[in-house]
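A short write-up of the structure that comes next.
The values are calculated or read from the model by the stated rules, or taken from the named source; none is laboratory data. Since this is a predicted model, take the numbers as computed values, not measurements. Because the Cβ atoms are built from the backbone with ideal geometry, glycine has one as well, and the counts that use them run over all protein chains shown. Side chains included, ligands, DNA and RNA excluded: accessible areas come from the protein's heavy atoms. Shrake-Rupley method; radii C 1.70, N 1.55, O 1.52, S 1.80 Å.
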Amino acid sequence: MWRITPDRRGDIVMMVSSASGDRRPRRIDSPRFPGDLVQVSALAVNIGANRGWTLRYCSTGVLGAPILVTGTLLVPTAPWRHGRRPIIVYSGWVYGLGAIHGPSVLLGAGGLFDIEPISSALARGWAVAISDGERPGINAGSHPYLAGRSAGYTVLDMARAAVQTPDSGLSVRAPVGLWGYSEGGRAVAWAAELQSEYCPDVPVKVVVAGGVPADLTACIEAIDGGPYSGLGLAALIGLSTAHPDTPIQHLLSPAGQTAIRQAEEASLLHILTRFRNPLRRFTILRDPWNDPAWAAVLLAEENGHHQPRVPVYLYHGTHDEVVPIRVAQQLYADYRVRGSEVTWLDIPGANHAQGAEWGARAAVDHLAAHLEPLSDRTRRRRVRNPPPRPDHGSSPAQS
C-alpha cells in the first residue's frame, strides 16, 4: 500500500509497502499544483485481470480554489506492446449527491458503476481512470451536480494524477482519451473546452461524449412534470452548491425548503421516486429557471461557448426522453461554428439509457481510431467477430 505522510520538515514522503514487507520512502514535493498526486492505495478489483488504485489528487473547484479529489485508476495486467499504453478518463452516470454515491465508493464496494463501458475499455488494454469529482467528505456540501467547470477540471487533473501513480507503468506522454455519458458526457465536453487553456500539457487526443445535457434550461423544461422531474430538483441543489453567491432561498416555498434538506445527500433514484412533482411545487415561481439570477447561472453553465481544440465525437439517442436530441445537435452546431473538429452519430430509436448501451461499441471504435496505432487496429479487426449493432444514421442535420 502506498500512502503520503509528512516528515519532520513538512515535506511529503511517499511510502511503499511491498509484498515482502520492504518499505522504501520516496520523497516528492508537497502537492501544490492541479493534478499533483497526494495519496495512493491499492484497490481490489473484480473486473477481469486488472490492477487498481484509489487516488487522491489536487484539482480546481467551481470557485477556482484548490480542492482535493478522489478517483480510481485501473490498469490491465497484460503488457501493452504497441508504444505507450493509452489512458481513458471515463466519466459516467451520477448516482447521487452524497459521499457514498461517488464512483470510487461504488466500484470498491462492487457496485454496478458503468461496468460495461469501463470493461470494454480495459478489454482493449487501455488504462481507465475515473474521477469522483467534487464530493462531500472531501469537500464541504453536496456534490455540485451539473456544475461544468469543476467537472471538466477534475477530469483533466485525473489524467495528470494517473501517470504519477507508482508501478502503474503509465507514461506522461501516453495518449489520453476522454469518454463520458449523460452528466459524464457533459463533464468531458467541458474538459474539451477547457483543456487548451487549463492543461495543454495533457496529451488529449480525442473526446467522446454521449447524451450531453449541454443546455440545462432546455433539459429542465423538457423533463419538468414527467417521470424525471426530480432531476430538476437535483440540479437546483447541485448548482446552488456550485454557485453559493446566487440566492436560492427567495425561490423556495416551505415545501421546497423541506425537499432540499431531504434530497441534498440522497441517491438520484431516491430523488426520482420521492420528488416527482414539477419544480414549481417546490418554488414560488411557476418557471423558476427563468428567475434572472438563475437564468444567468444556467447560461454560464451551457456547453458550447468555448472552442475545443481536440477532436470531439458526439452521439445521442433519437428518442432521448431526458436530454432532447436538439440540445446535443445544437452543441454539435456550436462546435462546428467555432471551428472545432466534431463528429456526430445518431443512435436511432434509443432513449437516454439505451443511448449509453447502444452507442458504446461505436464510441470505443472512435477512441481506438485516435489512440491506437493503425497497424494494431487493423490486426484487432481481423481477429474479432463484433456483435451486431443498430444502423446509426448520419448527421444531426438529417435527424
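Among the residues of segment 273-286, those identified as in a loop (DSSP other than H, G, I, E, B) and touching a residue at least 24 places away in the same chain (Cβ under 8 Å) are Phe275, Arg276, Asn277, Pro278, Ile284, Leu285.
Could you go through segment 231-244 and let me know if any residue there is exposed (fewer than 15 other Cβ atoms within 10 Å of the Cβ) and at pLDDT below 90. Scanning segment 231-244, I find at least one residue that is exposed (fewer than 15 other Cβ atoms within 10 Å of the Cβ) and at pLDDT below 90, so the answer is yes. When segment 330-348 is filtered for residues that are open to solvent by 40 Å² or more (accessible area, probe 1.4 Å) and under 13 Å from Gly317 (Cβ atoms), only Pro348 remains.
For segment 42-108, the strands (runs of 3 or more DSSP E) that sit wholly inside it and include 2 or more residues that are aliphatic (A, V, I, L, M) and within 22 Å of Gly169 (Cβ to Cβ) are 66-76, 87-91. Among the residues making up segment 167-195, those that are surrounded by fewer than 21 Cβ atoms within 10 Å (Cβ to Cβ) and at positive phi are Asp167, Gly169.
For segment 295-322, a residue qualifies if it is closer than 17 Å to Trp179 by Cβ and touching a Pro at 6+ places or on another chain (Cβ under 9 Å), and the qualifying residues are Asn303, Leu314, His316, Gly317. Here Gln164 clears all of (1) farther than 30 Å from Thr77 by Cα; (2) open to solvent by 20 Å² or more (accessible area, probe 1.4 Å); (3) not hydroxyl-bearing (Ser, Thr, Tyr) except the condition numbered (1). Can you find even one residue in segment 310-317 that is at pLDDT 95 or above, part of a loop (DSSP other than H, G, I, E, B), in contact with a Ser or Thr (Cβ under 6 Å, 6 or more places away or on another chain) and open to solvent by less than 20 Å² (accessible area, probe 1.4 Å)? Scanning segment 310-317 turns up no residue that is at pLDDT 95 or above, part of a loop (DSSP other than H, G, I, E, B), in contact with a Ser or Thr (Cβ under 6 Å, 6 or more places away or on another chain) and open to solvent by less than 20 Å² (accessible area, probe 1.4 Å). One residue is enough: does segment 290-301 have a residue meeting the conditions of a type outside the set (Phe, Trp, Tyr), in a loop (DSSP other than H, G, I, E, B), out of contact with any strand residue (DSSP E or B) (no Cβ under 6 Å at 6 or more places or on another chain) and modelled with pLDDT of 90 or more? Scanning segment 290-301 turns up at least one residue that is of a type outside the set (Phe, Trp, Tyr), in a loop (DSSP other than H, G, I, E, B), out of contact with any strand residue (DSSP E or B) (no Cβ under 6 Å at 6 or more places or on another chain) and modelled with pLDDT of 90 or more.
Test Ile138 against the stated conditions and say whether it is at pLDDT below 85 and surrounded by fewer than 24 Cβ atoms within 10 Å (Cβ to Cβ). Judged against the criteria, Ile138 is a match.
For segment 36-56, state whether one or more residues are of a type outside the set (A, V, I, L, M, F, W, C), buried (at least 22 other Cβ atoms within 10 Å of the Cβ) and in contact with a strand residue (DSSP E or B) (Cβ under 8 Å, 6 or more places away or on another chain). Checked against the condition, which is being of a type outside the set (A, V, I, L, M, F, W, C), buried (at least 22 other Cβ atoms within 10 Å of the Cβ) and in contact with a strand residue (DSSP E or B) (Cβ under 8 Å, 6 or more places away or on another chain), segment 36-56 yields no hits at all. Taking each residue of segment 215-227 that is hydroxyl-bearing (Ser, Thr, Tyr) and looking for partners that are surrounded by 18 or more Cβ atoms within 10 Å (Cβ to Cβ) and part of a helix (DSSP H, G or I) with beta-carbon atoms closer than 7 Å, six or more apart or interchain, yields Thr217/Trp289; Thr217/Leu298. For beta carbons closer than 7 Å, sequence separation of 6+ or different chains, a first residue in segment 58-80 that is closer than 24 Å to Tyr198 by Cβ and open to solvent by less than 10 Å² (accessible area, probe 1.4 Å) and a second that is of a type in the set (Val, Ile, Thr) and not in a loop (DSSP other than H, G, I, E, B), the qualifying pairs are Ser59/Ile67; Ser59/Val69; Ser59/Thr154; Gly61/Ile67; Val69/Thr154; Gly71/Ile130; Thr72/Thr54; Thr72/Ile130. Pairs are defined by a Cβ separation below 9 Å, a sequence spacing of at least 6 or placement on different chains, a first member in segment 319-337 that is in contact (Cβ under 8 Å) with a residue 24 or more places away in the chain and assigned to a helix (DSSP H, G or I), and a second member that is polar (S, T, N, Q) and open to solvent by 70 Å² or more (accessible area, probe 1.4 Å); the pairs so defined are Ile325/Ser399; Arg326/Ser399; Gln329/Ser399.
Once segment 147-203 is narrowed to residues that are free of Cβ contacts under 8 Å to residues at least 40 places away in the same chain and not acidic (Asp, Glu), the residue that is nearest to Val89 (Cα to Cα) is Pro203.
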